[in-house]
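Shown next, in structure tokens, is the structure this report addresses.
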Amino acid sequence: MKKHEYRYTSFAARRAKSLRHSMTPPERHLWYDYLRTSPWKFQRQKPIGPYIVDFICYEHRLILELDGESHADDDAYNHDERRDSYLRKQGFRVLRLTNRDIQNHFQDVCTIIEQAIASPHIHGRIGSDAM
């Protein structure tokens with residue numbers, strides 16, 4: 001396997017490409033107003049195994065996931081936990097941010113991302129209460 005190649009289906013590759021063209025407003029805001037020009041190389045909507053991650057920085061093994069309201073119920077939470085467990089087993093840290101925080105606390109979100117880049121111990125769900 002190549003350096004950043006993980007097994008995924010051609011369907012996942014097509015789906016990721018489609019998602020890059022139809023980002024949500026919070027994804028678009030974070031990408032165009034911060035990640036795209038950050039000093040760290042982030043990529044968006046990349047397939048990792050059976051999943052497509054919102055943003056990934058391979059150099060720092062950091063995945064950023066943006067969660068909307070649909071992630072609040074128990075089923076979605078459990079799905080996210082299984083997904084994050086799989087990604088951790090692949091050697092990544094997963095930082096979950098809420099769409100609401102992207103919209104209302106954008107500078108704080110950027111600071112948290114910078115702190116996560118600097119510290120390999122920062123991961124998990126980050127919400128307004130932590131800002």
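List of remarks:
- Contour minus Cα-Cα distance for Asn104 and Glu81 (0.36 nm per residue): 5.8 nm
- Residues whose amide H falls under 5 Å from that of Gly68, counting only those 5 or more places apart or on a different chain, are Asn99, with hydrogens built in the peptide plane.
- Rounded to whole numbers, the Karplus 3J(HN,Hα) couplings from phi for region 58-65 are 5, 4, 9, 6, 10, 10, 10, 10 Hz, using 6.51 cos²θ - 1.76 cosθ + 1.60 with θ = phi - 60°, and x at Gly and Pro.
- Once the chain from Ser38 to Thr24 is taken as fully extended at 0.36 nm per residue, the excess over their C-alpha distance is 3.1 nm.
- Cut-off under 5 Å, modelled amide H: who pairs with Ile48 long-range: Val53
Coordinate-derived values only; no laboratory data. All figures in this text were calculated on a predicted structure; none of them were measured in a lab.
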